[in-house]
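The structure appears below as structure tokens.
None of the figures in this text is laboratory data; all of them are computed from the coordinates on show. Since this is a predicted model, take the numbers as computed values, not measurements. Glycine also receives a Cβ, built like all others from the backbone with ideal geometry; neighbour counts cover every protein chain displayed.
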Amino acid sequence: MKKLWGGRFTEAAEAWVEEFGASISFDQELVLEDIEGSLAHVTMLGKCGILPAEDVAKIKEGLQALLEKAQKDELTFAIENEDVHLNLEKMLIEEIGEVGGKLHTARSRNDQVATDMHLYLRKEVKDMIQKVKQVQKALVEQAEQNVETIMPGYTHLQRAQPVSFAHHLLAYFWMLERDAERYEDSLKRINISPLGAGALAGTTFPIDRSYSASLLGFDGIYENSMDAVSDRDFILEFLSNSSILMMHLSRFCEELIMWSSQEFQFIEMSDKYSTGSSIMPQKKNPDMAELIRGKTGRVYGNLFSLLTVMKGLPLAYNKDLQEDKEGMFDTVKTIKTSLLVMAGMIETMKVNKDKMGQAVKQDFSNATEIADYLAAKGLPFRQAHEIVGRLVLLCIEKGIYLLDLPLETYQEICPLFEEDLYAVLSPYAAVQRRNSAGGTGFAQVEAALQKANAVLKQNV
């Protein structure tokens, strides 16, 4: 098969070499964006008088025909034509004749593919932001039902202080809000047009890059043609933002997995997001949460893969850049599916309030309350800390908890203790009293829910 670029060549590559060099197996994902970019490009060529109106009209007609076929998944791509760009150009020429070859005037595949990826990521990142919001909405809905559900808060995976379960859930809401903000901010760098930069040096034709950029909804153009065709920062930023998002999802999945275990029993995952064992009939495994946790690694890998590709590339375009797409496509698919599954798991999980409540009555997570109690009575906190440590040790030796110690024992250790101590030791009171800004106190959690709902409404 004669190549569209084959005029200088006298030998054809072996079929297996062609297959190695071809990208059509994955970059056909960009077919709609490639046609969209071509429509803008040919419109600009007509406006600038570079192509006559009749050629522009015929090319547009052919591109629209290809677009309709693409939308119906009726296009057949060939490895011999290497990539989505040459495949479509060949199809266009077959559709409308040799005039289709004029479409590539004042354009290179280098700026063409970069344009496609900017268009693709702009669309996908906007969609991901909405899917992040779905997870946030699920978190808020669960939090609203669990403001006064008390659970142990942990540091070092050791019980630390009792907290509102809603407060714990909202921690992830605000993590995800930062993720959405990072995606939103990245759109400023995604929404720039490289179209018209040519292979690397621009073109001799009197094109209007700003016009084609406006047709495609871009905010502006790359100011340097070499930068335009070789920049992949916008993909790296997307992969970096996605890695942070997946890290947040993975952290939450780790907790869901622990909480649903026999040892915790804080929640029960829906059957819709669980699987069984092929040998152990009693098992209910949180496999979807485990998969999200596992898929975090592949998103990290896609980021490091492209960073490695980019680190040694001289300006401008190099064939290495063909490796920028598969990781990007894979990350988009992984993130979107993970977010949908995450929202579903949160919406459908059952919260075992009693089990959580029992947990905070059978630990020493209320120890800080005693230290604060003594400090409020004028005792230096460091001394209060020492006293409470002795009390905890005494309880451990006796096999009881702080609420079980009689007042006489407290007063033997420190005369500042009074009857009101036991009200302070209540897990409910311990949570309720933590009313500093951003704390776990119920009033603060209610205020946080109002802010969270306001944030969601702003993004509707």
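Helix 442-458 and the longest principal axis of the Cα set of the chain meet at an angle near 10°. In the frame of its principal axes, the range 359-458 has Cα extents of 56, 30, 21 Å, reported largest first. Near A160, the amide H atoms lying under 5 Å from its own belong to G153, Y154, T155; only residues 5 or more places off or on other chains count, and H is placed 1.01 Å from N.
Taking amide H as placed 1.01 Å from N in the peptide plane, G220 has its amide H under 5 Å from the amide H of S193, each at least 5 places away in sequence or on another chain. Cα axis of helix 233-259 to longest principal axis of the chain: angle in degrees, 0 to 90, nearest 10? The angle comes out at about 30 degrees. Cα centroids of the range 129-159 and the range 327-372: 6 Å apart.
Dividing the convex hull volume of the alpha-carbon atoms in the chain by its residue count gives 203 Å³ per residue. Using the Cβ-Cβ distance between D354 and L32 with R0 set to 56 Å, the FRET efficiency from 1/(1 + (r/R0)^6) comes to roughly 0.60.
Counting Lys and Arg as +1 and Asp and Glu as -1 over every other residue whose Cβ lies under 15 Å from the Cβ of T409, the net charge comes to -4. A protection proxy built from the mean count of other Cβ atoms within 10 Å ranks the segments 176-183, 162-169, most packed first, as 162-169, 176-183. Sorting the segments 49-57, 450-458 by their mean number of nearby beta carbons within 10 angstrom, highest to lowest, gives 49-57, 450-458. Annotation: amide H-H contacts under 5 Å for I267 (H modelled 1.01 Å from N, sequence separation of 5 or more, or interchain): S260, N352. Using a cutoff of 8 angstrom between alpha carbon atoms and counting only pairs six or more residues apart, the relative contact order for the range 17-105 works out to 43 percent. Per-residue Karplus couplings for the range 420-428, computed as 6.51 cos²θ - 1.76 cosθ + 1.60 with θ equal to phi - 60°, are listed in order as 5, 4, 5, 5, 5, 6, 4, x, 4 Hz, Gly and Pro entered as x. Relative to the longest principal axis of the Cα atoms of the chain, helix 109-144 runs at roughly 20 degrees. Residue-wise HN-Hα couplings along the range 205-222, as the Karplus relation 6.51 cos²θ - 1.76 cosθ + 1.60 with θ = phi - 60° gives them from phi, are 6, x, 7, 10, 5, 5, 5, 5, 4, 5, 4, 8, x, 6, 7, x, 10, 5 Hz; Gly and Pro carry x.
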